[in-house]
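Please read the structure below before turning to the comments.
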Amino acid sequence: MSSGRIPFANIQKVVIRRKSKKNALISGAIVGGLLTGYVANQSLQKNPVRGPVIYGLTLTLSAAGGAAAGLLAGSALGNLNRRVIRPLDQRNPDLSLFRQLQPFSWRYQQDIINRLPQKEN
C-alpha cells in the first residue's frame, strides 16, 4: 500500500497557489464599485437627470455594474498570484527542492512560531 508520499527525485516543479481568492475578489469589487460610482457621479453632475430617484438609481446601478466588473478583474488577477519552484542545483536537485519547499511546511512554520520570545506573566 502506498503512503501517498512522492520522492523529491520524481518532482520537476511545484506550483503554489492560494487556497482562496476571497481577498482579491472583495478588493476588486470594492475598487470597481467605487471607481465606477465616482465616474457616474461626475457624469451625472455634468448632465443632470430629471429627479433624485433617477439620480440614485443610475448611480446605484452603475456602481453595481462596476463592482461586478471589479469582481471579474479581481478573479483574473487572483489567478496570476502563484509561485513556481524548480530544483535550482542540478547536481543535487533533491536537496535544492527540499530547501526551497521547507518554508511552506507545517513543521517549519511551527518552529518559527516557537522561536518567538514568549511573554512573561
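The values are calculated or read from the model by the stated rules, or taken from the named source; none is laboratory data. Worth saying up front: this structure is predicted, and the values here are computed from it rather than measured. Here the Cβ positions follow ideal geometry from the backbone for every residue, glycine too, while neighbour counts run over all protein chains shown. Surface accessibility is based on the protein's heavy atoms, side chains included, excluding ligands, DNA and RNA. Shrake-Rupley method; radii C 1.70, N 1.55, O 1.52, S 1.80 Å.
At a glance:
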{"quantity": "Computed E for Leu88/Arg17 - FRET, C-beta separation, R0 22 angstrom, nearest 0.05", "calculated": "0.60"}
{"quantity": "Read-out Cα Rg over 2.2 N^0.38 Å, derived from the coordinates shown; its label in [x] 0.97; [y] 1.05; [z] 1.82", "calculated": "[z]"}
{"quantity": "Over the stretch 1-59: Kirkwood hydrodynamic radius from C-alpha pairwise inverse distances, Å", "calculated": "16.3 Å"}
{"quantity": "Cβ-Cβ FRET estimate between Ile26 and Gln109, R0 fixed at 30 Å, reported to 0.05", "calculated": "0.75"}
{"quantity": "Sparse-neighbourhood loop sites, trypsin sites (Lys or Arg not before Pro) in the stretch 1-103 - DSSP loop, at most 14 other Cβ within 10 angstrom", "calculated": "Arg5, Lys13, Arg18, Lys19, Arg50, Arg91"}
{"quantity": "Rounded to the nearest 10 Å², the accessible area of Ser27 at probe 1.4 Å", "calculated": "60 Å²"}
{"quantity": "Residue-span extension gain [Asn81 to Lys119] - 0.36 nm each, minus C-alpha spacing", "calculated": "10.1 nm"}
{"quantity": "Dipole in debye (nearest 20) - the chain, about Cα centre, beta carbon charges: Lys, Arg +1; Asp, Glu -1", "calculated": "220 debye"}
{"quantity": "Calculated FRET efficiency for the pair Ala69/Arg99, C-beta based, R₀ 35 Å, to 0.05", "calculated": "0.25"}
{"quantity": "Extension gain from Arg5 to Val49, taking 0.36 nm per residue of separation minus the Cα-Cα distance", "calculated": "9.3 nm"}
{"quantity": "Alpha-carbon centroid distance for the pair the stretch 71-115 / the stretch 8-63, whole angstrom", "calculated": "30 Å"}
{"quantity": "Kyte-Doolittle mean at least 1.0, axial Cα span of 15 Å or more - DSSP H helices of the chain", "calculated": "52-80"}
